[in-house]
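*Asks:* There's a structure below that I have some questions on.
The values are calculated or read from the model by the stated rules, or taken from the named source; none is laboratory data. Just so we're clear, the structure is a prediction, and the values are computed from it rather than from any experiment. Don't worry about glycine lacking a Cβ; one is built from the backbone with ideal geometry, like all the others, and counts go over all protein chains shown. Areas reflect the complete protein model, heavy atoms only, side chains present, ligands, DNA and RNA absent. Shrake-Rupley method; radii C 1.70, N 1.55, O 1.52, S 1.80 Å.
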Amino acid sequence: MRDDLTKEVCDFLYDYIGKKFKDLNSNIADPKLFSIVSEDAIWIMEEYAEKFGVDLSSFVIDEYFLFIDYRWYDFIGMWSIYKLIYKRLPYDDVVLKPLTVNHLIAVAEKKKWFEPVCN
């Protein structure tokens with residue numbers, strides 16, 4: 001059962017993220033690795049909840065995923081200019097809770113969101 005669910009969750013994430021992760025401890029919420037931010041994060045988690053029948057009512061999405069205010073990026077190339085000037089992107093220093101593939105598998109198993117235990 002667990003192996004089938006692991007494969008299903010991994011296939012789901014690959015289909016929605018479009019990238020393979022290194023292992024089951026990969027943090028899918030890391031914007032530098034997977035570029036899942038803002039509305040994409042909402043969409044993926046809603047699809048995840050629907051596919052696996054998970055109650056996400058206690059899930060606070062902005063504790064895990066970065067929400068970028070794009071209003072001040074009005075002209076093309078602003079990201080590149082910002083990085084050129086400041087040698088980093090505006091979210092490089094943001095620290096959010098990790099959301100691992102393993103945890104999403106465990107949540108899918110229990111059918112209800114619970115906070116990950118961080119070591």
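*Asks:* Quick one: which of VAL95, VAL117 is closer than 21 Å to ILE36 by Cβ and modelled with pLDDT of 70 or more?
*Replies:* The unique qualifying residue is VAL95.
*Asks:* Of the residues in the stretch 30-62, how many are among the charged types (D, E, K, R), open to solvent by 70 Å² or more (accessible area, probe 1.4 Å) and in a loop (DSSP other than H, G, I, E, B)?
*Replies:* Of the residues in that region, 0 qualify.
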